[in-house]
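**Student:** This is the structure I have questions about; it appears just below.
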Amino acid sequence: MERTFAARGDIYYTESPSVARAVRDGWLVVVDGKVEGVWQRLPERYSHLDVKDFSGKLVIPGLSDLHVHASQYQFRGLWMDEELIQWLNTHTFPEEARYRDEAYAGKAYGIFVDDLLRSPTTRASIFATIHADSTMVLCRKLEEAGLPCFVGKVNMDRNSPDILCEETGQSIRDTLAYIDEVTSTCSLVRPVVTPRFIPSCTDGLCRALATIADERNLPVQSHLSENLGELEWVKELCPDSTSYADAYRALGLWGGRRTIMAHCVYSLGHEEEMLADDDIWIAHCPDSNTNLSSGLMCARYYLDRGCRIGLGSDVAGGTTLSLLRSITDAIKVSKMYWRHVDQSMKPLCFREAFHMASVIGGSFFGDVGTFLPGYEADIVVLDDSTLPTTIENLGVEERLERYAYLRPEAPVAHKAVAGRWLL
Ligand code: GUN
Ligand code: FE
C-alpha cells in the first residue's frame, strides 16, 4: 500500500511541553499516511511492511513554520541595521514590488521552495505579495514539491509606496480570484486571508477581508504588536481601540476562525487575554525580533497559560528557514527575558521549544507534529554522524539538541509529508 511502511531509527517526539518520548533504534509504523505508533521492537503484525532503514539517524516529526515571507527570501541576511518601519520602507517594499513580474517571481520562488523542501519544515503559513498571479506561481511550486502550505496573497491599500499599493476594490477582487484559483487548481496548498497589518490596510479593506474569510471558511494571518513605533502608529490610526488586538477585533478580524498573529512582543499587559482565544495561534519569531531590535517576547507566559504559541522564521526579518534555529533562538531570547526583565519567567528548555515548533505549530494544520497514533506522518530524518564528538552515550534528545545548535541549516537527509516521501 502507498504511504505505508515501518521506519527504523532513533526516534524523538513530544506529547506535551514537558513530556517527550525517545526510542533508540526503534520503529515508527505508518499506514496510509497516518502514524500507527512507535515501538522498540517491530510488532509481528507489521513484519510484512516495507522497511525504511534510518538506523543511526534521528527521526523526528516535521516542523511547522507559522510565519514566513517567501517574497523576502532573496534578501535574507542583508540590511539588518534598521527597525521595522524603516526596514519595510527602505528594503522590503521595493523588493516585494519586483514580484509584479511573474518571471522574477518564478526565479525567486524557485529558490525559496528548493530550500524549504530541504529544511526541517513540512508545513508553513506563508506571505507572498499583493500580486495574485505571482502568488499562484509560488502555490504551484509548493504543490509540485509536495509541501502542504497555507499561502496568502498580501493585502495593502494604504501607507504603502505607489508601486506596492492596491486600490481597495481591486484588492478585494484580486483576493477572491486568487482564492478561487488556488482552491480549484491545488490539492495540498490552501489560501489564507492576509491583511499585512493595520497600518497597511484601510478599515473598509479589513472588514471586506473578514467577510471573505467567513464566507469561504478560510483562516487569517497578520502581524501584531511587534515594534514600539508600530504600536504608536496603530494607536494614532485606531484611537478608539483599547489595544492593537482590539483594533483587529473592531474590524472583524479577531475570533471565530483560525488566525495566526505573528510576534505579539508587546501584548503582555494589554491584550494577553485575547491571545488565549482557542482560535488564535501566536507565531513567535525570535530571530526576527532580535535582528530588527523589536524586543524580547515572553514565550514562557503564553506557553504556561496553554496558549497556542508556535514558532516562525519570519524570513527576512529572520535570516533562515530552519526552525531548528528558531528553537535555539527562542531558548536564547527566553533566557534574556528571564535575566533582564522578569525572573519569575524561567527560560524555555529544549524540549519545550521543540514542542512549540512541532506540535503547537502543527496543530494549525490539523493532526500534525507528533508521532502519536492517528497523526499525519510528517517525518524528518537528520544525520548527526557528520558531527563527531568524544562525548559518549549521548541520548536521542541530547543528540537532537546538539544538532539544532550545530547544524540547523544543513539539508535534511529525508523528508515525508503525510507518509509520502519527498526526499
Ligand atoms: N509587519 C508588517 N509587514 C511586516 C513584514 O514584512 N515583516 C515583519 N517582520 N513585520 C511586518
Ligand atoms: Fe512577518
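The values are calculated or read from the model by the stated rules, or taken from the named source; none is laboratory data. Note that the structure is predicted; figures quoted are calculated from it, not measured. Here Cβ is always computed from backbone atoms with ideal geometry, including for glycine, and neighbour counts include all displayed protein chains.
**Student:** I'm trying to understand the selection: among the residues of segment 233-264, which are within 15 Å of ligand 2 (Cβ to nearest atom) and modelled with pLDDT under 95?
**Tutor:** Our first condition is that a residue be within 15 Å of ligand 2 (Cβ to nearest atom); within segment 233-264, this holds for 244, 259-264.
Those that are within 15 Å of ligand 2 (Cβ to nearest atom) and modelled with pLDDT under 95: none in segment 233-264.
Let's see how each residue does on (1) within 24 Å of residue 317 (Cβ to Cβ); (2) of a type in the set (S, T, N, Q):
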position: 135; (1), (2): yes, yes
position: 147; (1), (2): yes, no
position: 150; (1), (2): yes, no
position: 154; (1), (2): yes, no
position: 158; (1), (2): yes, no
position: 164; (1), (2): yes, no
position: 174; (1), (2): no, no
position: 184; (1), (2): no, yes
position: 188; (1), (2): no, no
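**Student:** So, in segment 201-223, how many residues would count as being of a type in the set (Ser, Thr, Tyr), buried (at least 21 other Cβ atoms within 10 Å of the Cβ) and more than 16 Å from ligand 2 (Cβ to nearest atom)? Working first, answer last.
**Tutor:** In the first step, residues of segment 201-223 are kept if they are of a type in the set (Ser, Thr, Tyr); the result is 202, 211, 222.
From the residues that got through so far, the ones that are buried (at least 21 other Cβ atoms within 10 Å of the Cβ) too are 222.
Still in the running and more than 16 Å from ligand 2 (Cβ to nearest atom): none.
Summing the residues that are of a type in the set (Ser, Thr, Tyr), buried (at least 21 other Cβ atoms within 10 Å of the Cβ) and more than 16 Å from ligand 2 (Cβ to nearest atom) in segment 201-223 gives 0.
**Student:** Still on this structure, I have one more. Among the listed residues 226, 230, which satisfies the condition of being within 16 Å of ligand 2 (Cβ to nearest atom) and part of a loop (DSSP other than H, G, I, E, B)?
**Tutor:** Details: 230 fails: part of a loop (DSSP other than H, G, I, E, B).
Of 226, 230, the one residue that is within 16 Å of ligand 2 (Cβ to nearest atom) and part of a loop (DSSP other than H, G, I, E, B) is 226.
**Student:** Looking at 304, 314, can you tell me which residue is surrounded by fewer than 22 Cβ atoms within 10 Å (Cβ to Cβ) and of a type outside the set (Ser, Thr, Tyr)?
**Tutor:** 304
**Student:** For residues in segment 161-190 being in a helix (DSSP H, G or I) and among the hydroxyl-bearing types (Ser, Thr, Tyr), which is farthest from the chain's Cα centre (by Cα)?
**Tutor:** For segment 161-190, the residue satisfying everything is 168.
**Student:** Sort through 341, 380, 396, 333 and tell me the only one that's at pLDDT 95 or above and under 18 Å from residue 149 (Cα atoms).
**Tutor:** Criteria check complete, one pass: 380.
**Student:** With the checklist (1) farther than 20 Å from residue 147 by Cα; (2) touching a residue at least 60 places away in the same chain (Cβ under 8 Å) in hand, flag the one item residue 371 doesn't pass.
**Tutor:** With (1) farther than 20 Å from residue 147 by Cα; (2) touching a residue at least 60 places away in the same chain (Cβ under 8 Å) applied to residue 371, the lone miss is (1).
**Student:** From the list 58, 66, pick out the single residue that is away from ligand 1 (no atom under 16 Å from the Cβ) and touching a residue at least 60 places away in the same chain (Cβ under 8 Å).
**Tutor:** Exactly one of 58, 66 is away from ligand 1 (no atom under 16 Å from the Cβ) and touching a residue at least 60 places away in the same chain (Cβ under 8 Å), namely 58.
**Student:** Limited to segment 81-101, what total is found for residues that are buried (at least 17 other Cβ atoms within 10 Å of the Cβ), more than 14 Å from ligand 2 (Cβ to nearest atom) and either of a type in the set (A, V, I, L, M) or closer than 10 Å to residue 291 by Cα (or both)?
**Tutor:** 1
**Student:** Please name all residue pairs, on different chains or six or more residues apart, with Cβ atoms under 7 Å, provided the first residue is in segment 171-200 and is away from ligand 2 (no atom under 16 Å from the Cβ) and the second residue is acidic (Asp, Glu).
**Tutor:** Pairs that qualify, where the first residue is away from ligand 2 (no atom under 16 Å from the Cβ) and the partner is acidic (Asp, Glu), are 171/157; 186/143; 188/143; 189/143.
**Student:** Can you report the number of residues in segment 338-352 which are more than 19 Å from residue 310 (Cα to Cα) and touching a residue at least 40 places away in the same chain (Cβ under 8 Å)?
**Tutor:** 3
**Student:** Just one of 334, 326, 358 is touching an Asp or Glu at 6+ places or on another chain (Cβ under 7 Å) and crowded, with 18+ Cβ neighbours inside 10 Å; which is it?
**Tutor:** Answer to the selection: 326.
**Student:** Here is a follow-up. Give me a count of the residues in segment 24-51 that are of a type in the set (Asp, Glu) and assigned to a loop (DSSP other than H, G, I, E, B).
**Tutor:** Matching residues across segment 24-51 total 2.
**Student:** Also, quick follow-up: Can you report the number of residues in segment 265-281 which are buried (at least 22 other Cβ atoms within 10 Å of the Cβ) and either at pLDDT below 95 or within 14 Å of ligand 1 (Cβ to nearest atom) (or both)?
**Tutor:** 1
The rows are residues; the columns are (1) farther than 25 Å from residue 422 by Cβ; (2) hydrophobic (A, V, I, L, M, F, W, C).
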position: 141; (1), (2): no, no
position: 154; (1), (2): yes, yes
position: 167; (1), (2): yes, no
position: 177; (1), (2): yes, yes
position: 202; (1), (2): yes, no
position: 209; (1), (2): yes, yes
position: 213; (1), (2): yes, yes
position: 218; (1), (2): yes, yes
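**Student:** Now a separate question. Based on what the data block shows, is residue 145 under 20 Å from the mean Cα position of the chain (by Cα), farther than 28 Å from residue 366 by Cβ and not aromatic (Phe, Trp, Tyr)?
**Tutor:** no
**Student:** Further question: What single numbered condition from (1) away from ligand 1 (no atom under 12 Å from the Cβ); (2) without any contact (Cβ under 8 Å) to a residue 12 or more places away in the chain fails to hold for residue 88?
**Tutor:** In the conditions (1) away from ligand 1 (no atom under 12 Å from the Cβ); (2) without any contact (Cβ under 8 Å) to a residue 12 or more places away in the chain, residue 88 misses (1) alone.
**Student:** Now for a separate question. For the list (1) surrounded by 21 or more Cβ atoms within 10 Å (Cβ to Cβ); (2) within 16 Å of ligand 2 (Cβ to nearest atom), I need the number of the one condition that residue 35 fails.
**Tutor:** Of everything listed in (1) surrounded by 21 or more Cβ atoms within 10 Å (Cβ to Cβ); (2) within 16 Å of ligand 2 (Cβ to nearest atom), residue 35 misses just condition (2).
**Student:** Quick check on this structure: which one of 198, 172, 126 is hydrophobic (A, V, I, L, M, F, W, C), crowded, with 22+ Cβ neighbours inside 10 Å and closer than 30 Å to residue 240 by Cα?
**Tutor:** So the residue among 198, 172, 126 that is hydrophobic (A, V, I, L, M, F, W, C), crowded, with 22+ Cβ neighbours inside 10 Å and closer than 30 Å to residue 240 by Cα is 198.
**Student:** Given the options 157, 115, name the one that is part of a loop (DSSP other than H, G, I, E, B), buried (at least 18 other Cβ atoms within 10 Å of the Cβ) and touching a residue at least 12 places away in the same chain (Cβ under 8 Å). First the steps, then the outcome.
**Tutor:** On the way: 115 fails: part of a loop (DSSP other than H, G, I, E, B).
Matching residue, one of 157, 115: 157.
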